[in-house]
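What follows is one structure encoded as structure tokens, with my remarks underneath.
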Amino acid sequence: MSFEEDDTVVLHDKHSEFDGETGTITQVVETMFGEPNYTVSFEDGQEAGVPEDSLELVEDDETEDDADEE
């Protein structure tokens, strides 16, 4: 799955200080191998060069459903 700018994602990278945090994709760059790398902005900074398999999309519907249940 590819992501687009302004998608909300969760970063899964145990080597990153932002591991497990939710952020917003601010830039998509294609590598020389044709694979996308992402820059993700978080409340306290950003992580650049993030591969697609380290990201999980946060569905807008899930966020709205959780708010309705409370």
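So which residues in region 30-47 are among the small types (Gly, Ala, Ser) and closer than 19 Å to Met1 by Cβ?
Applying the first criterion (among the small types (Gly, Ala, Ser)) to region 30-47 yields 34, 41, 45.
Across region 30-47, the qualifying residue is only Gly34.
If a residue has to be crowded, with 17+ Cβ neighbours inside 10 Å and in contact with a Leu (Cβ under 9 Å, 6 or more places away or on another chain) to count, how many in region 22-39 make the cut?
Taking region 22-39 and keeping what is crowded, with 17+ Cβ neighbours inside 10 Å, we get 23, 25, 38-39.
Okay, now just the ones that are also in contact with a Leu (Cβ under 9 Å, 6 or more places away or on another chain), so 23, 25, 38.
Adding up the residues that qualify gives 3.
Rundown of residues vs (1) touching a strand residue (DSSP E or B) at 6+ places or on another chain (Cβ under 9 Å); (2) at pLDDT below 95; (3) assigned to a loop (DSSP other than H, G, I, E, B), yes/no style:
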site: Met1; (1), (2), (3): yes, yes, yes
site: Glu5; (1), (2), (3): yes, no, yes
site: Thr63; (1), (2), (3): yes, yes, no
site: Asp66; (1), (2), (3): no, yes, no
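Every residue, every condition in (1) more than 11 Å from the chain's Cα centre (by Cα); (2) without any contact (Cβ under 8 Å) to a residue 24 or more places away in the chain, yes or no:
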residue: Glu30; (1), (2): yes, yes
residue: Thr39; (1), (2): no, yes
residue: Gly45; (1), (2): yes, no
residue: Asp53; (1), (2): no, yes
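Tell me which residues, restricted to region 44-60, are in a strand (DSSP E or B) and surrounded by 12 or more Cβ atoms within 10 Å (Cβ to Cβ).
Listed by number, the residues that qualify are Gln46, Glu47, Ala48, Val50, Pro51, Leu55, Glu56, Leu57.
The values are calculated or read from the model by the stated rules, or taken from the named source; none is laboratory data. All of these numbers come straight from a predicted model, not from anything done at the bench. Heads up, the Cβs are rebuilt from the backbone with ideal geometry, glycines too, and the neighbour counts pull from every protein chain shown.
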